[in-house]
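Notes follow once the structure below has been shown.
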Amino acid sequence: MSTSEKIQIGSLTTECYTRIKDDILNKRIRWGQKLNVPELTARFGISRSPVVKAIERLSHEGLVQIIPNRGSFVSAPTKRDIVEIAQVRIAFETMACELAFRRDKSALLANQEQNEAPITDCERQQLRIPEDVWFTYDRDFHRIFAEVAGNNRLLDIYEQVRNQIELFRVFYGEDDALRALKLHREILALLRQDQLSDALKVLRLHIEEVCEQTIDEFQRAMTEMDQ
């Protein structure tokens, strides 16, 4: 067995929590999938206790559902959950975008350009964008608005809802990813041209489309789970 993933230092529970959470948010562990405690202990080379405590912490954050006598499962959203998160995102992200633009347009655009570099590299080499590269880029595209806004309370709110946002995020396939990338670039192009109101409209449209796509993916996932 490879030992490359064994946890050597730091808090075992915290490190275990971080790794499982990363697997969930990057879709290496899917909605509704059971967390196999013996498998995780073997993978990390640690005892059972830190794994169980990490799962309990993930349960408190809503990423995992613990069902007595059955085990622990990655939370699967309902249609209502997805719609409500989209509504929160529209209110939050349009505000963050406007604040960031007005506070430091140059830093906002520079950070977004740097964030897009791995995507540009894939395009230059005519490579398909890997899922992990896409998720990191997409996650940071939206987070940058909150960071540059310079409002600590706004950033705190973002951190509180981020797990739910990312839990519901899906990789829609190449066409949908390219559509999202096109809208991201359109938003930034409008901001460069000082067309803030139009950029906010496109951002709202983008989040609404993500909501619709996530509902479609949710319905497919639920059908597969029932089979």
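At what distance in angstrom do the alpha carbon centres of the range 189-207 and the range 84-160 lie from each other?
Value for the Cα centre distance between the two parts: 13 Å.
Using the C-alpha gyration tensor of the range 80-169, what are the square roots of 5 times its eigenvalues, in whole angstrom, with the largest one first?
On the way: eigenvalues 112, 72, 16 Å².
Semi-axis lengths for the range 80-169 are 24, 19, 9 Å.
Taking the solvent-accessible surface of protein heavy atoms with a 1.4 Å probe, what is the per residue accessible area of the chain in Å²?
Computed with neighbouring chains in place, this is 54 Å² per residue.
Could you calculate, for the range 1-127, the ratio of the Cα radius of gyration to the Kirkwood radius, expressed as Rg to Rh?
Values: Rg = 19.3 Å, Rh = 17.8 Å.
Taking Rh as the inverse mean 1/r over Cα pairs, Rg/Rh reads 1.09.
State, in angstrom, two size descriptors of the chain derived from its alpha carbons: Rg to one decimal place and Dmax to the nearest whole number.
19.0, 58
Test of understanding: what is the full-extension gain from Glu39 to Asp198, defined as 0.36 nm times their sequence separation minus their Cα-Cα distance? Working shown, then result.
Details: separation 159, 0.36 × 159 = 57.24 nm, distance 4.96 nm.
Extra length from Glu39 to Asp198 when fully extended: 52.3 nm.
Return the subset of Lys21/Lys201; Lys34/Lys182; Lys27/Lys105; Lys21/Lys79; Lys79/Lys201; Lys53/Lys182 for which the Cα-Cα distance in this structure is over 30 Å, preserving the input order.
Lys21/Lys201; Lys34/Lys182; Lys27/Lys105; Lys53/Lys182
Of the heavy-atom accessible surface of the range 58-168 (probe 1.4 angstrom), what whole percent is carbon and sulfur?
On the way: 2800 of 5920 Å².
Answer for the range 58-168 is 47 percent, counting heavy atoms of protein chains only.
Size of the range 95-227 along its principal axes in angstrom, Cα-based, largest extent first?
Projected onto its principal axes, the Cα set of the range 95-227 covers 51, 38, 23 Å.
With no solvent and one point on each alpha carbon, what is the Debye value of log10 I(q)/I(0) for the range 122-197 at q = 0.11, 0.15 Å⁻¹?
-0.36, -0.65
Just to be sure I follow: if Rg is taken over the C-alpha atoms of the range 168-213 and Rh is the Kirkwood radius over the same atoms, what is Rg/Rh?
Numbers: Rg = 11.1 Å, Rh = 10.9 Å.
On the Cα set of the range 168-213, Rg over Rh gives 1.02.
The values are calculated or read from the model by the stated rules, or taken from the named source; none is laboratory data. Please read these numbers as outputs of a predicted model, since none were measured by experiment. Note: areas computed on protein heavy atoms with side chains; ligands, DNA, RNA excluded. Shrake-Rupley method; radii C 1.70, N 1.55, O 1.52, S 1.80 Å.
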